[in-house]
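The values are calculated or read from the model by the stated rules, or taken from the named source; none is laboratory data. Bear in mind the structure is a predicted one, so any value in this text is a computation, not a measurement. For neighbour counting, all protein chains shown are included, and Cβ atoms are generated from backbone atoms with ideal geometry for every residue, glycine included. Surface accessibility is based on the protein's heavy atoms, side chains included, excluding ligands, DNA and RNA. Shrake-Rupley method; radii C 1.70, N 1.55, O 1.52, S 1.80 Å.
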Amino acid sequence: METGNEVKIIHIKETDSTNEEVFRLKDKYKIPFFVVADIQTSGRGRYGRVWESPEGGLWMTGLFKKRNNKDGFKFMFGSAVVVYKELKTLGVNARIKFPNDIYVGDKKICGILVEEREGFLAVGIGLNVNQNRPPVEGSTSIYIITGVLHDKIALAYNIGKGLMEVDRKNFSDVFKGYRNLLDTLGKYVRVYTPSDMYEGIFEDLTENLEVILRGEFINIIPAGEVFHLEENYERGY
């Protein structure tokens, strides 16, 4: 018997992109559902960046119905918190870098891509799990950190359960939980938008989705315009 709390996972060997796969399957399964692939041949990150997706990582996407105009950010922020908390249970001292990357120290371990289409939201998670070497320069994996191999489907189930909880929450509650864990706050950063670059202390992120930078001037940047954020650990005001 199905319940509202069921985490439906479709596990496949290979696909171009789990974000694409969920849209191909959206008329076949009750929403929400999740697709997990062992390999992605055309994995991608935000703004079309290539995402290396070899065997050993967890490549998954959940498909959800969009209910209001802040749902994209709700899942962007909420999914980062879900992955962060799951990593903590595995003994991985993770941190959240704005907007939704998960790092361990200066090494990236997880990226998240939320895409809207046809009134749905695809919430893609790319988590390095069992790789014994960094998939790309500047990355790491759970196995590299802990020396322990993990069941990726069990991880997918736990993350999927967390994402379904995010779906049931309102934006304000999800935002507050995210902001409390956001490691970028207080750091000196460079923020890139399609038209400019800003630098200063990442002073705040408001519930109205504004990034506040304090440098020579106070800059208020719409969160949706940030396509890259670069941290600088040596400089500050």
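Karplus-based coupling profile of segment 198-204, in residue order and whole Hz: 10, 9, x, 6, 6, 7, 6, with θ = phi - 60° in 6.51 cos²θ - 1.76 cosθ + 1.60 and x standing for Gly or Pro.
Specify the residue with the greatest mean-square fluctuation among Ala223, Ala37, Ala80, computed from a Gaussian network of the chain linking alpha-carbon atoms under 10 Å apart. Of Ala223, Ala37, Ala80, the Gaussian network model singles out Ala223 as fluctuating most.
Bridging of Lys187 to lysines at a Cα separation below 28 Å is possible for Lys70, Lys74, Lys85, Lys88, Lys97, Lys107, Lys108, Lys176, once same-chain residues fewer than 8 apart are set aside.
All other residues whose Cβ lies under 11 angstrom from that of Arg214 are scored, Lys and Arg at +1 and Asp and Glu at -1, for a net of -4. Compared with the dominant Cα axis of the chain, that is its longest principal axis, helix 171-181 is turned about 70°.
So which residue, out of Val166, Val148, Val35, gets the largest mean-square fluctuation from a GNM of the chain using Cα contacts under 10 Å as springs? Looking only at Val166, Val148, Val35, the biggest GNM fluctuation is shown by Val148. Between 0 and 90 degrees, the angle of helix 152-168 with respect to the longest Cα principal axis of the chain falls at about 70 degrees.
Relative contact order for the chain: 16 percent, from Cα pairs under 8 Å spaced at least 6 residues apart, divided by residue count. Amide H contacts for Gly215 (H built 1.01 Å from N in the peptide plane; partners 5 or more residues away or on another chain; cut-off under 5 Å): Ile201.
Could you put His11, His150, His228 in order of accessible surface area, largest first, with the 1.4 Å probe and the full protein assembly present? Could the numbers behind the result be given before it?
On the way: His11 100, His150 45, His228 70 Å².
So the residues, ranked largest to smallest area, are His11, His228, His150.
Among Tyr29, Tyr103, the sequence by solvent-accessible area, most first, with a 1.4 Å probe is Tyr29, Tyr103. Derived scalar couplings between HN and Hα for segment 136-149 equal 9, 4, x, 10, 8, 9, 4, 5, 4, 7, 9, x, 10, 7 Hz in order, rounded to whole Hz, by the Karplus curve 6.51 cos²θ - 1.76 cosθ + 1.60 (θ = phi - 60°), x for Gly and Pro. In a simple Cβ point-charge model (Lys, Arg +1; Asp, Glu -1; nothing else charged), segment 144-237 has a dipole of about 380 debye relative to its Cα centre. When both bridge partners sit in the chain, DSSP labels roughly 85% of those beta bridges antiparallel.
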